[in-house]
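Notes follow once the structure below has been shown.
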Amino acid sequence: MSQQNRVKIIGLITIVLLSTAATTGVVVIKNINTSSQQQAIPVVIDTNQTAPSQPANNQTSVSTYKDGSYSATGTFYTPDGTEQIGVSLTLSNDKITSVSIDSSNIYSGTSLEYTQRFSRGIKSAVVGKNIGSVQVGRISGASLTPMGFNNALDTIKTVAKV
């Protein structure tokens, strides 16, 4: 096998691994200290799980995020260039109660099509979920738009943090 073919195969494997991680969860490398050695352990975090709706042992729940309406813009990259998506959402008791997408700054026709698909599917993916645990992957066939959504969501989390 030629060196050029090996590079192509490695590139394809890398793309598959990255896209799988983006749709199923986040891969984190965690350093574990075992005696005098540090060991890197990969940990997969399932982003499809939600936090329990009731605190255990009847404890009083303390909000981590301020209730209210928030908006932010997130950037994502496509083969046609850099795009921006607007995200507006409302929080109540750390849960997302509504979400809307602004695609007015999307200029590529293909990106606009995928962003519109994403807009139709995002509500069922995040409404009712704890904002602290939300990190979306591919939705309605859109695999790049979620990156912009997650960027905007990170900004909202920072602003809304108690």
| field | Enumeration of residues in region 104-133 that are in contact (Cβ under 8 Å) with a residue 60 or more places away in the chain and of a type in the set (A, V, I, L, M) | value | Ile131
| task | Filter region 47-65 down to the residues that are assigned to a loop (DSSP other than H, G, I, E, B) and aliphatic (A, V, I, L, M), then identify the one that is modelled with the highest pLDDT. | result | Val62
| Whichever residue in region 112-152 is under 12 Å from the mean Cα position of the chain (by Cα) and in a loop (DSSP other than H, G, I, E, B) and, among such residues, is farthest from Thr75 (Cα to Cα) | Val134
| said: Condition first: of a type in the set (A, V, I, L, M), modelled with pLDDT of 65 or more, in contact with a helix residue (DSSP H, G or I) (Cβ under 8 Å, 6 or more places away or on another chain) and surrounded by 10 or more Cβ atoms within 10 Å (Cβ to Cβ). Can you find one or more residues in region 35-44 that meet it? | reply: no
| task | Hey, can you tell me all the residues within region 66-104 that are surrounded by 15 or more Cβ atoms within 10 Å (Cβ to Cβ) and outside any strand (DSSP E or B)? | result | Asp94, Ser103
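The values are calculated or read from the model by the stated rules, or taken from the named source; none is laboratory data. Remember, predicted model here, so these are calculated numbers, not experimental data. For neighbour counting, all protein chains shown are included, and Cβ atoms are generated from backbone atoms with ideal geometry for every residue, glycine included.
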